[in-house]
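**Q** My structure is below; once you've seen it, I'll send some questions.
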Amino acid sequence: MRDDVRLLLGEGSSVLFTEGDITSQDTDAIVNAANSSLMGGGGVDGAIHRAGGPAILQACKQVIAERGSLPAGKAVATTGGNMKAGYVIHTVGPIWRGSGNEEAKTLASCYRESLQTADQLHLHSLAFPSISTGAYGYPLHQAAEVAVGAVAESLPHCKRVREVRFVLFGAAAFDAYVQAAKDLAQSVEPPLRYTIQTTES
Ligand code: APR
């Protein structure tokens, strides 16, 4: 297991990178990499429904009945059921088709809309998985760059959310996201100044 890494964005906002299972996180909400039907699936979606129990599917059915299927790039909150996190924020990532730009816009929207949803619920902390990089086939390093960039841009605009966690399944995903954070911290222009904190620093 890799040691956690933190990206400090200033003004009390930070992004933690940790290797692990998102279903055991104690953040106020966790994000689900769902599909438009919100009826569950494999990967992180399956793990969240198993850990949270039937209350999540029940809430998803109600959402679908009220507003129809959830388009890619959008987000909606339900109960967290039996998990420590009080809410699950379901978002639908893009399916990678190789064109790059459109997928990147949709992926960035997933992170932005999930953060806005958490902020509207007055939550302070939110955990994300690596959206679209499993069944949806988005290349890991490209997804990491979009994800970290979108969170760094959106988090300072939140009134209440202060901490975002990326909960990464396996060393390869962890390393890709930490590399994206380091690249961002190096390339950001003043007055912005991002700092990377590791256990050694
Ligand atoms: N905790 C954290 N990350 C996890 C977990 C977990 N418990 N389980 C899987 N992952 C990781 C995967 O390793 C991958 O890097 O989540 C990432 C996203 O993979 P998927 O869950 O396959 O999500 P995605 O690529 O967005 O595909 C969504 O998969 O099962 C379906 O219903 C879901 O149709 C939707 C599609």
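The values are calculated or read from the model by the stated rules, or taken from the named source; none is laboratory data. What you see is a predicted model; the values in this text were computed from it and never measured. Note: ideal-geometry Cβ built from the backbone for every residue, glycine included; neighbour counts use all protein chains shown. We work out accessible area using only protein heavy atoms, side chains counted, and drop any ligands, DNA or RNA first. Shrake-Rupley method; radii C 1.70, N 1.55, O 1.52, S 1.80 Å.
**Q** Sort out which residues of region 84-102 are hydrophobic (A, V, I, L, M, F, W, C) and surrounded by 22 or more Cβ atoms within 10 Å (Cβ to Cβ), and write them in order of number.
**A** Within region 84-102, the subset hydrophobic (A, V, I, L, M, F, W, C) is 85, 88-89, 92, 95-96.
Once the filter is applied, which keeps residues that are hydrophobic (A, V, I, L, M, F, W, C) and surrounded by 22 or more Cβ atoms within 10 Å (Cβ to Cβ), region 84-102 yields 85, 88, 89, 92.
**Q** Would you mention how many residues in region 137-158 are near the ligand (Cβ under 9 Å from one of its atoms) and in contact with a helix residue (DSSP H, G or I) (Cβ under 9 Å, 6 or more places away or on another chain)?
**A** Taking region 137-158 as the starting set, the residues that turn out to be near the ligand (Cβ under 9 Å from one of its atoms) are 137-138, 140, 143.
Applying the additional criterion that residues be in contact with a helix residue (DSSP H, G or I) (Cβ under 9 Å, 6 or more places away or on another chain) yields 138, 140, 143.
Here the count works out to 3.
**Q** Moving on to the next point. Considering only residues that are under 18 Å from residue 131 (Cβ atoms) and part of a loop (DSSP other than H, G, I, E, B), look in region 159-201 and name the one that is nearest to the ligand (Cβ to nearest atom).
**A** 169
**Q** I'd like to verify a number: residues in region 20-43 that are closer than 16 Å to residue 163 by Cα and either in contact with a helix residue (DSSP H, G or I) (Cβ under 8 Å, 6 or more places away or on another chain) or surrounded by fewer than 19 Cβ atoms within 10 Å (Cβ to Cβ) (or both), how many? Full working, then the answer.
**A** Step one: list which residues in region 20-43 are closer than 16 Å to residue 163 by Cα, which gives 22, 25-31.
Checking the rest, the ones that are also either in contact with a helix residue (DSSP H, G or I) (Cβ under 8 Å, 6 or more places away or on another chain) or surrounded by fewer than 19 Cβ atoms within 10 Å (Cβ to Cβ) (or both) come to 22, 26, 28-31.
Qualifying residue count for the region: 6.
**Q** Related question: Looking at 70, 57, which one is in contact with a strand residue (DSSP E or B) (Cβ under 6 Å, 6 or more places away or on another chain), at pLDDT 95 or above and over 21 Å from residue 164 (Cα atoms)? Can you show your working first?
**A** Numbers: 57 fails: in contact with a strand residue (DSSP E or B) (Cβ under 6 Å, 6 or more places away or on another chain).
From the options 70, 57, the qualifying one is 70.
**Q** Checking the conditions here, which among 6, 97 is more than 9 Å from the ligand (Cβ to nearest atom), more than 18 Å from residue 112 (Cβ to Cβ) and modelled with pLDDT under 95?
**A** Numbers: 6 fails: modelled with pLDDT under 95.
Just a single option satisfies the conditions, and that option is 97.
**Q** Can you say whether residue 46 is at positive phi and either open to solvent by less than 30 Å² (accessible area, probe 1.4 Å) or more than 9 Å from the ligand (Cβ to nearest atom) (or both), as far as the supplied structure shows?
**A** On the way: at positive phi: no; either open to solvent by less than 30 Å² (accessible area, probe 1.4 Å) or more than 9 Å from the ligand (Cβ to nearest atom) (or both): yes.
Spelling it out, it is not the case that residue 46 is at positive phi and either open to solvent by less than 30 Å² (accessible area, probe 1.4 Å) or more than 9 Å from the ligand (Cβ to nearest atom) (or both).
**Q** Filter region 115-144 down to the residues that are open to solvent by 10 Å² or more (accessible area, probe 1.4 Å) and closer than 14 Å to residue 162 by Cα and list them by number.
**A** 116, 117, 119, 120, 121, 122, 123, 124, 125
**Q** Here's a follow-up. Taking region 103-114, which residues are open to solvent by 10 Å² or more (accessible area, probe 1.4 Å) and either at positive phi or not acidic (Asp, Glu) (or both)?
**A** Across region 103-114, the qualifying residues are 104, 105, 106, 108, 109, 112.
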